Ligand SMILES: *Cc1c(COP(=O)(O)O)cnc(C)c1O
Ligand code: SF4
């Protein structure tokens with residue numbers, strides 16, 4: 001018998017996936033066979049650039065203008081309409097900064113802004129107006145680490161952003177090693193959407209960096225709809241799970257995308273099948289340019305009640321709102 005040659009499966013390079021992302025909404029619509037109808041696609045995209053990696057696009061249904069993944073990324077006319085009550089800093093991040101890259105709002109945990117961007121630009125993003133230019137950089141991260149070192153009340157550090165996984169593995173590894181040397185830190189949390197849009201971001205060196213220090217790691221992904229979980233993402237999440245990292249998910253409740261109990265129940269089930277537990281469903285923050293995604297709180301409450309009837313307690317995310325100045329996320333009744 002002739003031995004079959006073992007085909008080396010080359011890990012797709014996440015950096016080339018980043019570079020290959022769609023940056024033109026008209027091009028994406030063309031490739032999806034969806035007619036461009038919104039006259040303001042381009043002006044909206046120029047305020048907050050259009051960006052969608054191809055692995056995420058591959059999960060969209062062609063020829064469906066209401067595809068729930070497409071709706072999350074497509075610029076729309078309402079983005080440029082002023083809404084009363086909307087703010088460019090709806091959650092009070094700017095006033096909670098201890099140093100330019102360190103946000104310390106809640107007892108025991110503080111958040112470092114690790115990068116100024118994301119692999120994908122979600123149109124509902126509450127940080128779409130964040131002044132990243134003065135917050136991001138090696139000097140700012142240094143300063144944030146020093147601030148964490150001098151505050152003994154902080155036991156958990158959250159790497160967030162912009163997406164922290166935009167940093168290359170060796171750079172991230174160095175930062176994690178330095179954080180692990182701070183005696184009062186015990187946990188390391190990563191808030192990321194990058195592997196959701198580019199699953200090859202879950203590399204072996206990344207998993208080593210997360211698991212080979214004294215810090216207990218936890219990863220919080222951002223997945224809004226069950227269609228976002230395909231076989232490739234499922235396999236990437238499986239690699240994180242096999243490395244022993246607890247995996248959680250947060251979603252944003254988005255009009256027309258996931259604002260019904262059936263979709264959220266399916267999301268909870270799909271997350272669990274991929275070794276991820278649902279953590280939070282966030283009500284939309286009142287950020288300028290995203291009012292068309294808003295779901296009224298009364299509806300959110302009835303969706304939560306219906307979801308509770310459909311899933312086991314451990315697959316029930318907490319429905320919360322972030323209120324500036326509060327000392328934790330606020331549960332909705
Ligand atoms: C949401 C958030 C956290 C984490 O809150 P948890 O309830 O622990 O998930 C920490 N810091 C900031 C600034 C936040 O916005
Ligand atoms: S991944 Fe998160 S931070 Fe980045 S654009 Fe989307 S919602 Fe905003």
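Here are some notes:
- The residues of region 292-323 that are out of contact with any strand residue (DSSP E or B) (no Cβ under 9 Å at 6 or more places or on another chain) and touching a residue at least 60 places away in the same chain (Cβ under 8 Å) amount to a single one, 292.
- Of all residues making up region 151-188, the number that are within 16 Å of ligand 2 (Cβ to nearest atom) and closer than 25 Å to residue 55 by Cα: 9
- Subset of region 237-253 (residues that are within 16 Å of ligand 2 (Cβ to nearest atom) and buried (at least 22 other Cβ atoms within 10 Å of the Cβ)): 249, 251, 252, 253
Okay, residues lined up against (1) part of a helix (DSSP H, G or I); (2) within 22 Å of the chain's Cα centre (by Cα); (3) at pLDDT 95 or above:
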site: 292; (1), (2), (3): yes, yes, no
site: 295; (1), (2), (3): no, yes, yes
site: 304; (1), (2), (3): yes, yes, yes
site: 309; (1), (2), (3): yes, no, yes
site: 320; (1), (2), (3): no, yes, yes
site: 324; (1), (2), (3): no, yes, no
site: 328; (1), (2), (3): no, yes, yes
site: 333; (1), (2), (3): no, no, no
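- Residue check for residue 159: at pLDDT 95 or above, within 16 Å of ligand 1 (Cβ to nearest atom), in contact with a strand residue (DSSP E or B) (Cβ under 8 Å, 6 or more places away or on another chain) and assigned to a loop (DSSP other than H, G, I, E, B): no
Listed here are the residues, each with its yes/no results for (1) at pLDDT 95 or above; (2) touching a helix residue (DSSP H, G or I) at 6+ places or on another chain (Cβ under 7 Å); (3) within 17 Å of residue 118 (Cβ to Cβ).
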| residue | (1), (2), (3) |
| --- | --- |
| 9 | no, no, no |
| 18 | yes, no, yes |
| 22 | yes, yes, yes |
| 27 | no, no, no |
| 36 | no, yes, no |
| 54 | yes, yes, yes |
| 62 | yes, yes, no |
| 67 | yes, no, no |
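- Number of residues in region 79-94 that are under 22 Å from residue 320 (Cβ atoms), away from ligand 1 (no atom under 11 Å from the Cβ) and in contact (Cβ under 8 Å) with a residue 40 or more places away in the chain equals 7.
- Taken together, the criteria place residue 231 among residues that are at pLDDT 95 or above and surrounded by fewer than 20 Cβ atoms within 10 Å (Cβ to Cβ).
- Residue count for region 95-104 satisfying the condition of being more than 9 Å from ligand 1 (Cβ to nearest atom), assigned to a strand (DSSP E or B) and touching a strand residue (DSSP E or B) at 6+ places or on another chain (Cβ under 9 Å): 3.
The values are calculated or read from the model by the stated rules, or taken from the named source; none is laboratory data. These numbers come from a predicted model, not from an experiment. Reconstructed Cβ throughout: ideal geometry from the backbone, glycine too, with neighbour counts over all protein chains shown.
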